[in-house]
Amino acid sequence: MTDYVTVTIYGADKVGSSSLARQLVAHEFEEDYQVARDEGIYHTQVDIDQKSCWIQVFMGYKHLVRFSDNRTHHEGYLFVFSITDRPSFEATRKQIDETKDYSNLPILLVGNKCDLEHRRVVPAREGAELAESVGCKYLETSAKEGINVDACFFELVREVRRLKPENNVDDNGSKKQCSLS
Ligand SMILES: Nc1nc2c(ncn2[C@@H]2O[C@H](COP(=O)(O)OP(=O)(O)OP(=O)(O)O)[C@@H](O)[C@H]2O)c(=O)[nH]1
Ligand SMILES: [Mg+2]
């Protein structure tokens, strides 16, 4: 059986949101790939933990996080900043803070452009600390080199699956016991 998971990417300008989505669905990267600002939805079918999954990726709004309209379509949020761009990190911190006020959906924090180590201005430790403060995972990616791109989407899908009620049913159709760890 295939499940369907909708992921929304939020990131400041030019952090690589579109490049991450393109790398996930098409395994492609182009330095100056031009996409319309209101670009459509990316989707792809992948196997995650031996289970097929259609991932739909929406591009979130820039800067302003207004999750109002189609909030019900969101199942998980990927917050992306660039490790070479301090303001993008601070914008992400703010976005995460705002989101926490009205959403319990799974999130994952991504520091993109890790191939540009020589231009790094956000230490990995700071990313990890921000993630820890909100109880999510932190991964560093390179959309350019395909580093950790699948991993960040797959991790988020695992979180979404874990929280979906239909996944908390065992093979006999009875509810699984929840356990706190
Ligand atoms: N070196 C490097 N460059 C990247 C990476 N990801 C994206 N870029 C470059 O960063 C620029 C912005 O990439 P996009 O994918 O368009 O970023 P975006 O966040 O979708 O940008 P906007 O939607 O225009 O705000 C482009 O020049 C990309 O080639 C990466 O992982 N490494
Ligand atoms: Mg874009």
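How about region 97-138: which GluC sites (Glu not before Pro) there are in a DSSP loop, with at most 16 other Cβ atoms within 10 Å of their Cβ? Passing sites in region 97-138 do not exist. In this structure the amide hydrogen of Glu140, modeled in the peptide plane, comes within under 5 Å of the amide hydrogens of Gly111, none closer than 5 places in sequence on its chain. Pairs from the list Lys113/Lys137; Lys51/Lys100; Lys94/Lys137; Lys51/Lys144; Lys14/Lys51 with a Cα-Cα gap above 24 Å: Lys51/Lys100; Lys51/Lys144; Lys14/Lys51.
Distance between the 7 Å Cα→Cβ label points at Glu90 and Glu31: 3.0 nm.
Counted over region 3-163, the DSSP beta bridges are approximately 25% antiparallel.
With the Cα gyration tensor of region 3-163 giving a ≥ b ≥ c as the square roots of its eigenvalues, does the rule (a/c under 1.5 for rounded; else a/b larger than b/c for prolate; else oblate) give rounded, prolate or oblate? It comes out rounded by the Cα gyration axes. Inter-part distance, region 110-161 to region 1-32, computed on C-alpha centroids, equals 13 Å.
For Asp47, what is the net charge nearby, where nearby means another residue's Cβ is under 12 Å from its Cβ and Lys, Arg count +1, Asp, Glu -1? Value of the local net charge: -2.
Here, each number is a calculation from the coordinates, and none is a lab measurement. These figures come from a predicted structure and were not determined experimentally. Every residue, glycine as well, gets a Cβ built from its backbone with ideal geometry; the counts of neighbours run over all protein chains shown.
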